[in-house]
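Structure first, then comments.
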Amino acid sequence: MSTDDVWKRIEHAQLLIEIKRPEQAIEKLATIPLGDPEVAARVNSLLAHAHLTNHELDKAYACARRAVEASPNNFSALYWLSYLEGDRTLALKHATRLVELAPEHGFSHTMRAHALARNFQWEEALREAREGARLDPEDPFTLNTLARVLARDDEEAALDVYRRVLSLEPDNAAARQAIADLQDDERTDASSRLYRD
């Protein structure tokens, strides 16, 4: 199989994942030879994404680990491993490595913010989430992460960011649910104050 054929199959598999056909993507990816470390990292990263789409977390995590083993400095591989890592300390280690390798990309800082929040390092998580949003102000995942971190201390600011997500991506389920939850919390707080006074 030529290098061009390999990369065409990889692109096709990625499109299949994007249109919510992960099983077909997995079948397509299984036909690609993994002799080249960058190809192995890309294929396993896509397999991680496909298995995650299928809610197969163990398989997704195994693929992310294989991706990093194939190419330890591959951005996509580190992204998926930091996202899927069950051990929060290791997740932070992977996300920190991602920032070291790609400090100019918002997704690096967003993943580190996510990992810092999992480790209850809220101030640093907020700094990283803000940096991610500064670098990538149109990315819904980045903005959702910033809003989640903000919600801990500033629900109004979090609501503003979630509304920004919906202006970019009106069908974003995570933002819609978060807004509903925050507004429900506000109603609960208001009603509990009524009974205390």
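The values are calculated or read from the model by the stated rules, or taken from the named source; none is laboratory data. Given the structure is predicted, the values throughout are model-derived calculations rather than measurements. Heads up, the Cβs are rebuilt from the backbone with ideal geometry, glycines too, and the neighbour counts pull from every protein chain shown. These accessible areas exclude ligands, DNA and RNA; they are computed on the full protein's heavy atoms, side chains included. Shrake-Rupley method; radii C 1.70, N 1.55, O 1.52, S 1.80 Å.
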Count of the range 80-99 residues which are open to solvent by less than 20 Å² (accessible area, probe 1.4 Å) and not hydrophobic (A, V, I, L, M, F, W, C): 2
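Evaluate the following for L57: is it of a type in the set (A, V, I, L, M, F, W, C), open to solvent by 70 Å² or more (accessible area, probe 1.4 Å) and modelled with pLDDT of 95 or more? Steps first, please.
Values: of a type in the set (A, V, I, L, M, F, W, C): yes; open to solvent by 70 Å² or more (accessible area, probe 1.4 Å): yes; modelled with pLDDT of 95 or more: yes.
Spelling it out, L57 is indeed of a type in the set (A, V, I, L, M, F, W, C), open to solvent by 70 Å² or more (accessible area, probe 1.4 Å) and modelled with pLDDT of 95 or more.
Sort through A102, A77, A115, A64 and tell me the only one that's crowded, with 24+ Cβ neighbours inside 10 Å, of a type in the set (G, A, S), in contact (Cβ under 8 Å) with a residue 24 or more places away in the chain and closer than 29 Å to G35 by Cβ.
On the way: A102 fails: crowded, with 24+ Cβ neighbours inside 10 Å; A115 fails: closer than 29 Å to G35 by Cβ; A64 fails: in contact (Cβ under 8 Å) with a residue 24 or more places away in the chain.
One residue alone meets the criteria, A77.
Condition first: in a helix (DSSP H, G or I) and free of Cβ contacts under 8 Å to residues at least 12 places away in the same chain. Now tell me which residues in the range 41-58 satisfy that. Steps first, answer last, please.
Our first condition is that a residue be in a helix (DSSP H, G or I); within the range 41-58, this holds for 41-53, 57-58.
Hit for the range 41-58 is D58, nothing else.
Are any of the residues in the range 20-29 in contact with a Lys or Arg (Cβ under 7 Å, 6 or more places away or on another chain) and surrounded by 14 or more Cβ atoms within 10 Å (Cβ to Cβ)?
Of the residues in the range 20-29, the ones in contact with a Lys or Arg (Cβ under 7 Å, 6 or more places away or on another chain) are 28.
Filter once more, keeping what is surrounded by 14 or more Cβ atoms within 10 Å (Cβ to Cβ): 28.
Among the residues of the range 20-29, at least one is in contact with a Lys or Arg (Cβ under 7 Å, 6 or more places away or on another chain) and surrounded by 14 or more Cβ atoms within 10 Å (Cβ to Cβ), which makes the answer yes.
If you go through the range 31-49 one residue at a time, do you hit one that is open to solvent by 80 Å² or more (accessible area, probe 1.4 Å), more than 17 Å from the chain's Cα centre (by Cα) and not aliphatic (A, V, I, L, M)?
First, pick out the residues of the range 31-49 that are open to solvent by 80 Å² or more (accessible area, probe 1.4 Å): 34, 38.
Filter once more, keeping what is more than 17 Å from the chain's Cα centre (by Cα): 34, 38.
This time we only want the ones that are not aliphatic (A, V, I, L, M), so: 38.
Yes, some residue in the range 31-49 is open to solvent by 80 Å² or more (accessible area, probe 1.4 Å), more than 17 Å from the chain's Cα centre (by Cα) and not aliphatic (A, V, I, L, M).
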So L34, is it at pLDDT below 95, hydrophobic (A, V, I, L, M, F, W, C) and closer than 17 Å to R9 by Cβ: yes
Qualifying residue in the range 154-171 (condition: crowded, with 19+ Cβ neighbours inside 10 Å and within 25 Å of G86 (Cβ to Cβ)): no
